[in-house]
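One structure is given here, and the rest of the page talks about it.
The values are calculated or read from the model by the stated rules, or taken from the named source; none is laboratory data. Predicted model only: the values in this text are computed from it and were never measured. Cβ sites come from the backbone with ideal geometry, for glycine too, and all protein chains shown count toward neighbours.
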Amino acid sequence: MTASLDQLLDASIQLELNLAKLYTLFNDLFEEDEEFWWQLSMEERGHAALLQQEKKDPSVVFPENLLAKDLLALNESNGRITALVTQFRQNPPTRREAFDIALELELSAGESHYQEFLDSPSESATANIFKQLNQEDRDHAERIRSYMTESGIRN
């Protein structure tokens with residue numbers, strides 16, 4: 001059974017919003033890194049807003065490689081992130097754990113697929129618009145790695 005575009009879009013939007021919630025929680029928990037987490041949170045919200053806006057416009061033809069095709073993986077990622085937010089509100093992670101989890105999540109199915117889309121050749125005007133709007137938001141995983149190194153979090 002193939003997931004419909006609407007299902008993939010909804011799960012992808014939810015993934016972006018869930019990551020924004022997690023990063024906002026990290027922003028609240030780690031004062032020394034609050035600017036970093038806040039920026040990532042805002043960018044994830046921006047990704048969700050872009051997808052929501054495009055979903056509302058029936059004339060938009062989505063680039064084929066924009067969304068992950070594995071609805072189950074997207075739903076599992078969403079469930080995991082929701083559980084982490086709940087868990088961390090009760091029992092906060094260490095600073096290192098927060099960065100490790102964020103890095104792992106950014107390399108997960110939906111988020112890494114989004115990065116692959118940004119790195120791929122553009123096939124349409126819509127693809128170009130998405131890429132232009134997300135130019136500054138590129139590669140959260142690499143930014144997390146760099147920040148960890150700069151902050152002495154990484155061994």
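Screening PRO121 on (1) at pLDDT below 95; (2) in a helix (DSSP H, G or I) shows it passes everything except condition (2). Restricted to the range 81-104, and to residues there that are touching a helix residue (DSSP H, G or I) at 6+ places or on another chain (Cβ under 9 Å), among the hydrophobic types (A, V, I, L, M, F, W, C) and over 15 Å from GLU34 (Cα atoms), the residue that is modelled with the lowest pLDDT is LEU103. Residues in the range 2-17 that are in a helix (DSSP H, G or I) and either closer than 17 Å to ASP100 by Cα or among the hydroxyl-bearing types (Ser, Thr, Tyr) (or both): SER12 alone.
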